[in-house]
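Working notes, beginning with the structure itself.
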Amino acid sequence: MPRFSANVSMLFTEVSFLERFATASACGFKGVECMFPYAEPAEKVGDAIAMAGLNMALFNAPPGDFSAGERGLAALPGRQQDFRDSMEVAFKYAELMDCKRIHVFAGIVPEEQWEEALGVYIGNLAAASDMARELGIDILIEPIVMEGYFLCRPDDALQVLDDVKANNLKILYDIYQAQLGQGAITDFLDRHMDKIGHIQIAGVPGRNEPDRTGELNWPYLFDLLDAHGYAGWVGAEYSPRAGTEAGLGWAKDWGIMAP
């Protein structure tokens, strides 16, 4: 049976960030994840997670200047020290939230810099993986369909894993992003489950609830994860159409519903 984590950056936004953990627990989620916890002190976030009796499945390392359009630092030439400083912040939060997975954004890179950026990316991921290994943490990379983003296809992420050769570097396989960027979801899961450290879901198209209204057969995909013995988290990272609790019908078979 899939283990679902609620992405509280996108779900339960009807209440404040720190209240979302208790709300997710009340709806039956056993795990949570978020994009960026940094607006709140790490101690407060950790306390809210613990008080709600939840597991923190995943969060993102700082992405750089998000408001200025930066979407990660890992592949940006000349920003290696900024990247390593950002990882120190992420590791502090991971410790206080008892989280064992950190997603690292690659970043938006001009095409003429991609050759240089590849070397920077490999070096930064190797360094981050080394630091994380001592803490028992996995570093995750996610292919994202975004103009100029350095890592767009799951097959490219596989090549990065081969280049870095770190046993705690894995793929965040966002099925929504993978369907947009490459497709062949079943084939990738069948062949590369051992390379996946976390899965995220959202309906295609629209990035709404993963229900029967889109182009993907979610019951089939969830059964496929079970058939492969996938024991990780499946992150519900979508935009509710009409409020989070009203849209939880897709998860009722797994005991997740409005209280």
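Just so it is clear, none of the values below were taken in a lab; they were calculated from the coordinates. In this text the structure is predicted, and so the values were computed from the model without any measurement. Cβ sites come from the backbone with ideal geometry, for glycine too, and all protein chains shown count toward neighbours.
Worth pointing out:
- Residue that is surrounded by the most Cβ atoms within 10 Å (Cβ to Cβ), among those in the stretch 199-241 that are among the aliphatic types (A, V, I, L, M) and assigned to a loop (DSSP other than H, G, I, E, B): ALA202
- Exclusive hit being crowded, with 22+ Cβ neighbours inside 10 Å and either in contact (Cβ under 8 Å) with a residue 60 or more places away in the chain or at positive phi (or both), set PRO62, PRO37, PRO143: PRO37
- Selection count, the stretch 162-185, where residues are among the hydrophobic types (A, V, I, L, M, F, W, C) and touching a strand residue (DSSP E or B) at 6+ places or on another chain (Cβ under 6 Å): 4
- Pick from the stretch 208-222, criterion of a type in the set (Asp, Glu) and within 15 Å of GLY249 (Cα to Cα), ranking: nearest to the chain's Cα centre (by Cα): GLU209
- Pick from the stretch 1-22, criterion touching a residue at least 24 places away in the same chain (Cβ under 8 Å) and among the β-branched types (Val, Ile, Thr), ranking: surrounded by the most Cβ atoms within 10 Å (Cβ to Cβ): VAL8
- Members of the stretch 186-221 found to be under 16 Å from ILE141 (Cβ atoms) and in contact with a strand residue (DSSP E or B) (Cβ under 6 Å, 6 or more places away or on another chain), listed by number: LYS195, ILE196, GLY197, HIS198, ILE199, GLN200
- Scanning the stretch 13-30 for residues that are part of a loop (DSSP other than H, G, I, E, B) and farther than 17 Å from GLY255 by Cα yields THR13, GLU14, VAL15, SER16.
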